[in-house]
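Below is one structure, written out as structure tokens; the observations come after it.
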Amino acid sequence: MFDNLSQRLQVTLKRLRGQGRLTEENTREALREVRMALLEADVALPVVKDFIEHVRAKASGQEVLASLTPGQALVKVVYDELVALMGAANEKLDLAVRPPAVILVAGLQGSGKTTTVAKLARFLREREKKSVMVASADVYRPAAIDQLQKLAAAVGAEFFPSRSDQNPVDIARGAVDEARKRAMDVVLIDSAGRLHVDSAMMQEIQAVHAAVEPVETLFVVDSMTGQDAVNTAKAFNETLPLTGVVLTKTDGDARGGAALSIRQVTGKPIKFLGVGEKTDAIEAFYPDRVAARILGMGDVLGLVEEAQRSVDQEKTRQMARKLAKGKGFDLEDFRDQMAQMEKMGGLASLMEKLPGMGEVPDAAKAQLGDRQVARLVAIINSMTPQERRFPDIIRGARKRRIAAGSGTQVQDVNRLLKQFDQMQKMMKRMGKGGMQRMLQGVKGRFPGFPG
């Protein structure tokens, strides 16, 4: 997400950072390029105008002009304005009510609404430790109820059964009553969507809203529709008291205009981002972290939180003990490391959170992509247990057999062995106290990094 905008802004602001002082001319030129970058990212025109005016006003202020590094001071102004534009801080779901907390989910057909209900159920169960029931009031779309039932089973949420011949209001009321009887913490209600905003849809969802009085009414919208996403959110907000927005399919959206426009246009915060198809591919929306990613500063805090959530701590301790005893790092360990990476959202997700990744060429990123990781795992799986433990025995005939078994070429096997050799050397250094030195270096670079 934000790939194009991020690259444009980083090039423009890098040029400014290298200049000894800000002049009216170079500031005007930089802001013109920032404006073009935002418009190309499909940010709403009124939002772009306000943003540029705020940055221009602060750029001419004394604290920027008097700074020893005025170019960097201007980058800070752009960062602050991006954060303000998207909402200043993360706004959590309001669950501090008498149970069950009712969350109504609305949106157009095809926006990823039903999948988002399942993602939210998993998020609330695993991260908030809440008991969750889900119900489908979508009586129009074929198989919508069956889809949610299957997803509920997959994420461990309770499912309230409903039928396509029932009234959506009755379904919603019944789900809340059942959740109350069973002392559930949260009930998520999936509503019907349409291909476009129409009066029948609005009347129905207003009736459902009035019947269950949800503490949260979330609007789910496909970020890839750009300005249409913003306009649809605005239309819903005018007839339904929305409390927040969930932007879906952000992993496929290179522009990000919707994320930068929705708060300003609707006045409602973005609460979550859908970042993939899997049920764990959802992130709480932190404006400061997103702004940092856009400007190439990365999201180290998000990376650390993801690692703490996803990494198998026992396996990590076993690896540390193994290295400390001087035992070698083998290809099975290498495969485990890649599996841990997959749990953290894959290599692409990790790279997005690392500082400076915006400056890495696209060709280099492609070589480090998740497809490449899957290929490496396939090659290792094609080896015998002995070959994984003692890679030095892998020679010509074995390489040909491994390549054939994994559907790759011998040169791919060679490349894997070379990468593994580099990783093995690094792990050996860590086994001799290098890990501690590396962590100290990270803490020095990022104050607040947990030790």
Quick one: what pairs do we get from the range 238-267, first residue under 12 Å from Thr225 (Cβ atoms), second part of a loop (DSSP other than H, G, I, E, B) and polar (S, T, N, Q), C-beta under 8 Å, 6+ apart or different chains? Thr248/Ser111
Considering only the range 267-285, state which residues are over 10 Å from the mean Cα position of the chain (by Cα), surrounded by fewer than 22 Cβ atoms within 10 Å (Cβ to Cβ) and within 19 Å of Leu82 (Cα to Cα). Gly267, Pro269, Lys271
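Condition check ((1) under 22 Å from Arg194 (Cβ atoms); (2) out of contact with any helix residue (DSSP H, G or I) (no Cβ under 8 Å at 6 or more places or on another chain)) across all residues:
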site: Leu108; (1), (2): yes, no
site: Thr116; (1), (2): yes, yes
site: Val132; (1), (2): no, no
site: Ala137; (1), (2): yes, no
site: Tyr140; (1), (2): yes, yes
site: Ala154; (1), (2): no, no
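Name the residues in the range 206-225 that are within 30 Å of Glu40 (Cα to Cα), in a helix (DSSP H, G or I) and in contact with a strand residue (DSSP E or B) (Cβ under 9 Å, 6 or more places away or on another chain), would you? Don't jump to the end; show me each part of the working.
In the first step, residues of the range 206-225 are kept if they are within 30 Å of Glu40 (Cα to Cα); the result is 218-225.
Applying the additional criterion that residues be in a helix (DSSP H, G or I) yields 223-225.
Of everything in the range 206-225, those that are within 30 Å of Glu40 (Cα to Cα), in a helix (DSSP H, G or I) and in contact with a strand residue (DSSP E or B) (Cβ under 9 Å, 6 or more places away or on another chain) turn out to be Ser223, Met224.
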Take the residues in the range 119-147 that are among the small types (Gly, Ala, Ser) and more than 13 Å from Ser191 (Cα to Cα); name whichever of them is modelled with the lowest pLDDT. Ala143
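Can you give me the ranges of the helices (runs of 4 or more DSSP H) entirely in the range 347-451 with at least 1 residues that are at pLDDT 85 or above? Let's see the steps before the verdict.
Working: elements: 362-367, 370-381, 385-389, 396-406, 410-429, 435-445.
Helices (runs of 4 or more DSSP H) meeting the threshold: 370-381, 385-389, 396-406, 410-429.
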Which ranges mark the strands (runs of 3 or more DSSP E) fully within the range 98-205 that have 3 or more residues being out of contact with any Asp or Glu (no Cβ under 8 Å at 6 or more places or on another chain) and surrounded by 13 or more Cβ atoms within 10 Å (Cβ to Cβ)? 186-190
What pairs come up if the first residue lies in the range 199-225 and is under 29 Å from Gly257 (Cβ atoms) and modelled with pLDDT under 90, the second is surrounded by fewer than 19 Cβ atoms within 10 Å (Cβ to Cβ) and of a type in the set (Lys, Arg), and their beta carbons are under 7 Å apart, counting only those six or more places apart or on different chains? Met201/Arg194
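The values are calculated or read from the model by the stated rules, or taken from the named source; none is laboratory data. All values reported here derive from a predicted model rather than from experimental measurement. Cβ: placed from backbone, ideal geometry, glycine included. Neighbour counts: every protein chain shown.
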